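Visitor: Quick one: structure below, then a few questions.
The values are calculated or read from the model by the stated rules, or taken from the named source; none is laboratory data. Because the structure is a prediction, the values reported are computed rather than measured. Cβ: placed from backbone, ideal geometry, glycine included. Neighbour counts: every protein chain shown. For accessibility, only protein heavy atoms count, side chains too; no ligands or nucleic acids. Shrake-Rupley method; radii C 1.70, N 1.55, O 1.52, S 1.80 Å.
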Amino acid sequence: MEKETEQELIKKMIGFQKEEITSSIIYRKLAVKEKDIHNREILQRIAEDESRHYATLRGYTHQDVSPNRFEICFYVWLVRLLGVTFAVRRLELGEKETSGVYSQYPSMEHFAEMARDEQHHEEKLIEMIDEERLQYMGSVVLGLNDALVEFTGALAGFTLALNDTKLIALTGITGIAAALSMASSEYLSTKSEKTHNKRPVKAAIYTGIAYIITVVALVGPFILLSSPVLALCIMLVMALLIIAFFNYYYDIARNESFKRRFTEMAVLSFSVAGISFLIGYLLKTVTGVGG
């Protein structure tokens, strides 16, 4: 029985080794891509800690372990797509889990030390990040939320009022004008704030792009499908997915409640869509437009 327990512990240690060497390589790659010198130094230090943990564990297992190549590639692409903040915060979640596992072995001195290191990583990671795109998160929220509320409502209303997907899709043209309007408003708003962290032009660009991407995603089903009701259903699913993805990103990058923000945005968008749908029904009933 003791031999089996020892074998199980060795097996766990080999799993820890794989995690540590994988994390070390990921942090090194993130450090290479990081432009901020302060952030880069912290990432390099954490990578060295992870390498030391791997060496410590190897002293117990006497085995070399290969890193998880898929996970390394995943995080490299994650940085390219969503930024270093999101990638590092997501890694941090793994650090918390690893710290919890190490702390389960208080009698093993090295494990207790590694648990403290992992906790130190968490604190450092929270302090270190200062990514430009997160400074403009408010601008993205403005464009995204306004487009979701305005176009889920408009498209829902037009679905019954017009009953023609091509005509409904033409409302997407107004999205360009609306995006330019929102971008202009954000430019003036940011400029009046006189903040050194945000540039008015960039804030306007973030708002406009977020608005246009959302409009394209919502109008897309009406362009591709002939059934207005089916297009409406898919549009609502798209809206829900956009809200879910954005709030998942926000939850990880900003460490805020996913459930609260997701519920708030979803209820607001779908409430407006429901009201607009009823208005469209009443207009259709009164005027007879759309057959």
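Visitor: So for 282, 240, 144, what's the accessible-area order with a 1.4 Å probe, most first?
Guide: The ranking, largest first, comes out as 282, 240, 144.
Visitor: If you don't mind, another one. Testing the spin-label approximation: label points 7 Å from Cα along Cα→Cβ at residue 55 and residue 73. State their distance in nm.
Guide: 3.0 nm
Visitor: Continuing with this model, one more query. Would you give the gap between the C-alpha center of the stretch 196-275 and the C-alpha center of the stretch 4-72, rounded to a whole Å?
Guide: Value for the Cα centre distance between the two parts: 37 Å.
Visitor: Obtain the nm distance between the two label points defined at residue 275 and residue 7 by a simple spin-label model: each point lies 7 Å from its Cα along the Cα-to-C-beta direction.
Guide: Once both label points are built, they end up 6.7 nm from each other.
Visitor: Kindly give the semi-axes, whole Å and largest first, of the ellipsoid equivalent to the stretch 152-256, taking each as the square root of 5 times a Cα gyration tensor eigenvalue.
Guide: Equivalent-ellipsoid dimensions as semi-axes: 30, 18, 9 Å.
Visitor: Output wanted: per-residue J couplings in Hz (rounded whole) for the stretch 237-245, from phi through Karplus 6.51 cos²θ - 1.76 cosθ + 1.60, θ = phi - 60°, x for Gly and Pro.
Guide: 3J(HN,Hα) across the stretch 237-245, in whole Hz: 5, 4, 4, 5, 5, 4, 4, 5, 5.
Visitor: Starting from the stretch 146-246, pick out the trypsin sites (Lys or Arg not before Pro) whose DSSP state is loop and whose Cβ has at most 15 other Cβ atoms within 10 Å.
Guide: Here the sparse-neighbourhood loop sites are 194.
Visitor: I've got another one for you. Of the trypsin sites (Lys or Arg not before Pro) in the stretch 18-95, which ones lie in a loop per DSSP and count no more than 14 other C-beta atoms within 10 Å?
Guide: Within the stretch 18-95, the qualifying trypsin sites (Lys or Arg not before Pro) (loop, at most 14 other Cβ atoms within 10 Å) are 35.
Visitor: With a 1.4 Å probe and all protein chains in place, put 218, 162 in order of accessible area, largest first.
Guide: The most accessible residue leads, giving 162, 218.
Visitor: As a test of reading the structure, rank 275, 46 by solvent-accessible area (1.4 Å probe, protein chains only), most first.
Guide: So the residues, ranked largest to smallest area, are 275, 46.
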